[in-house]
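Every number in this text was worked out from the coordinates using simple rules, so none of it is lab data. Everything quoted here is computed from the prediction, not taken from an experiment. Positions of Cβ are backbone-derived with ideal geometry, glycine not excepted, and every protein chain shown enters the neighbour counts.
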Amino acid sequence: MHEETIAIAVAQVQTLKNSVLQEQTLKTVIMQEQAIKTAVIQEQKLKTLIVQGQTMKIAIMQEQTLKTAIWEEQMLSTVIMQDQTLKTAVMQEQTLNTVIMQEQTMKTVVIWEQTWKITIMQEQTLKSEVMQEHTLKTVIVQEQTLKTVIVQEQTLKTVIMQEQTRKIAVMQDKTLKTSILEEKTLKIVIMHEEKIKIA
């Protein structure tokens with residue numbers, strides 16, 4: 001009996017040990033399962049973190065892309081502004097060139113006008129000189145005409161004097177003839193009177 005009791009007790013102890021071992025094994029399995037679950041959770045968290053990291057990287061890349069796009073837009077705006085500034089400068093230069101050309105044209109017009117005025121003044125001076133020459137020639141002609149008139153007047157006076165001299169000569173000749181005739185008549189009268197006296 002005593003051995004049987006011992007055997008039973010040993011069996012119970014062994015059973016108890018087995019139970020404890022099984023319990024420990026179960027606990028170990030449970031702990032392993034929990035560790036696996038924890039590992040799975042950590043893996044999921046890691047995957048989530050990886051996804052979040054990738055999302056972050058994508059967001060960073062998108063932000064960089066956005067910054068690049070903004071920078072490119074700013075550069076484009078700068079280039080457009082520089083182009084507009086260049087176009088404005090070119091237009092201003094063209095306007096300045098136009099103003100310079102207009103000023104040169106105006107100066108040329110003024111020079112032409114001055115040259116034209118000088119030409120007109122020279123022409124008027126030439127006309128005045130021609131008129132003065134004509135006037136001088138007219139005066140010379142008038143002076144020559146006056147001299148001719150004076151000569152003609154002197155000639156006329158000479159002719160008149162010659163005519164008067166001729167008339168005087170004619171009158172003297174007539175007077176002389178009359179004196180001769182009177183003398184002859186007187187002689188005839190004297191002779192007649194003498195004849196009468198003789199008779």
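Relative to the present Cα-Cα distance, how much length would full extension add between Thr135 and Gln54 at 0.36 nm per residue of separation? Kindly include the intermediate steps, with their values, before the conclusion.
Working: separation 81, 0.36 × 81 = 29.16 nm, distance 11.57 nm.
Length gained between Thr135 and Gln54: 17.6 nm.
Could you please report the charge total around Val189, scoring K, R as +1 and D, E as -1 over all other residues with beta-carbon less than 15 angstrom from its beta-carbon?
Numbers: positive: Lys184, Lys187, Lys195, Lys197; negative: Glu182, Glu183, Glu193, Glu194.
Here the charged neighbours net out to 0.
Considering helices alone, the calculated mean residue ellipticity of the chain at 222 nm is -38500 deg cm²/dmol, with DSSP H runs of length four and up weighted by -39500 (n - 2.57) and normalised per residue.
Pairs Lys27/Lys57; Lys17/Lys37; Lys57/Lys87; Lys127/Lys147: which are spaced more than 32 Å apart, C-alpha to C-alpha? Violating the 32 Å Cα-Cα cut-off are Lys27/Lys57; Lys57/Lys87. Relative to the first principal axis of the alpha-carbon coordinates of the chain, what is the inclination of helix 2-198, with its axis defined by its Cα atoms, in degrees from 0 to 90 and to the nearest 10? With both axes taken from Cα atoms, the answer is about 0 degrees. Taking a sphere under 13 Å around the Cβ of Ile120 and counting the other residues whose Cβ falls inside, with K and R at +1 and D and E at -1, yields a net charge of 0. Cα centroid distance between segment 83-144 and segment 15-49, in Å? About 116 Å separates the Cα centre of segment 83-144 from the one of segment 15-49. Excluding same-chain neighbours fewer than eight residues apart, the lysines reachable from Lys174 by a Cα-Cα span under 16 Å are Lys184. Partners of Lys177 within straight-line reach, counting lysines whose Cα lies under 17 Å from its Cα and excluding those fewer than 8 residues away in the same chain: Lys167, Lys187. In this structure, Thr119 and Ile150 have a Cβ-Cβ separation that, at R0 = 41 Å, corresponds to a calculated FRET efficiency of about 0.35.
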